[in-house]
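The values are calculated or read from the model by the stated rules, or taken from the named source; none is laboratory data. Source: prediction; values computed, not measured. Because the Cβ atoms are built from the backbone with ideal geometry, glycine has one as well, and the counts that use them run over all protein chains shown.
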């Protein structure tokens, strides 16, 4: 496992999403280190410079949470503050379910905690709601990483990072042939050097490891049966942008505003940032830095 680390003091573990790496937390790590914290950000299994097991089943949440618990053990850390975004948020929710004894508080971004539905598998629900072209459904197809590899990696990552369309992403069968985004203009929050770092790592590793996270949705559902209807009992601040595609999924706003989210996460605070899209910690680093610091300082 490749782990980036800076600072001394109480430990904050940062968990990245897709298509990201430890590097997504570059601003938060420097800021928290300057405030007297120890910032730790691994490349998750299958990403960047961390090993990528060949088997799809090796990417279940038991494996990923296990990796993080073993990381804490290897660093001699009993409890940490946890910060997660996108897939990192999903993994963080599971870590709070499985090992709340290791978490002081969680700052989660983009993906809400939804309790396990014992009546329907995740992929059946995704297909029924969004159709087979929905990106998560498309990622299930074996060999889709080869289709992705036909497209220039940097342009592909730029299209993801700079997307401000909150509608559910759809990917056609002939994705590589139809991929024709306009030339990108980088915003102030993403430099050419930043983009090239991400691209260099994905060129080296490909996308199979990350896609395997999506291919474990139903496996995770099966493995987590014992936690059906379980609540998250650690303190949580949840932050999302109003242009985030996850915020526009059917029922999510009602779940947040109607009290369902708070019911499942009793120690919850919610922040909705206006005019901000999915990659919130990169797009608004200073605001996110202070949200993290203000929240974990309470504990």
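Would you check which residues across the range 143-152 are assigned to a loop (DSSP other than H, G, I, E, B) and in contact with a helix residue (DSSP H, G or I) (Cβ under 7 Å, 6 or more places away or on another chain) and list them? Passing the criteria: 150, 151. You will find that of 261, 295, the residue that is surrounded by 15 or more Cβ atoms within 10 Å (Cβ to Cβ) and within 28 Å of residue 165 (Cβ to Cβ) is 261 and no other. So is residue 71 on the phi < 0 side of the Ramachandran plot, in a strand (DSSP E or B), touching a strand residue (DSSP E or B) at 6+ places or on another chain (Cβ under 8 Å) and modelled with pLDDT of 95 or more or not? Taking the combined requirement at face value, the residue does not satisfy it. Among the residues of the range 114-142, those identified as within 21 Å of residue 19 (Cβ to Cβ) and assigned to a helix (DSSP H, G or I) are 122, 123, 126, 130, 135, 136, 137, 138.
When 170, 150 are checked against the criterion of being in contact with a strand residue (DSSP E or B) (Cβ under 7 Å, 6 or more places away or on another chain), surrounded by fewer than 16 Cβ atoms within 10 Å (Cβ to Cβ), touching a residue at least 12 places away in the same chain (Cβ under 8 Å) and under 27 Å from residue 56 (Cβ atoms), 170 stands alone in meeting it. Within the range 247-297, the residues that satisfy the criterion of being assigned to a helix (DSSP H, G or I), touching a helix residue (DSSP H, G or I) at 6+ places or on another chain (Cβ under 7 Å) and closer than 20 Å to residue 158 by Cβ are 280, 281, 282, 285. Per the listing 106, 75, 71, the residue uniquely buried (at least 22 other Cβ atoms within 10 Å of the Cβ) and either touching a helix residue (DSSP H, G or I) at 6+ places or on another chain (Cβ under 8 Å) or over 19 Å from residue 262 (Cα atoms) (or both) is 106.
Within the range 161-175, the set of residues being farther than 26 Å from residue 23 by Cα, touching a helix residue (DSSP H, G or I) at 6+ places or on another chain (Cβ under 8 Å) and part of a loop (DSSP other than H, G, I, E, B) comprises 167, 171, 172. Residues in the range 176-232 that are without any contact (Cβ under 8 Å) to a residue 60 or more places away in the chain, touching a helix residue (DSSP H, G or I) at 6+ places or on another chain (Cβ under 8 Å) and not in a loop (DSSP other than H, G, I, E, B): 176, 195, 196, 199, 203.
Of the residues contained in the range 47-54, one or more are found to be part of a loop (DSSP other than H, G, I, E, B), crowded, with 22+ Cβ neighbours inside 10 Å and either on the phi > 0 side of the Ramachandran plot or touching a strand residue (DSSP E or B) at 6+ places or on another chain (Cβ under 9 Å) (or both). Evaluation of residue 162 against the conditions (1) more than 19 Å from the chain's Cα centre (by Cα); (2) surrounded by 15 or more Cβ atoms within 10 Å (Cβ to Cβ); (3) closer than 25 Å to residue 111 by Cα shows that the sole unmet condition is (1).
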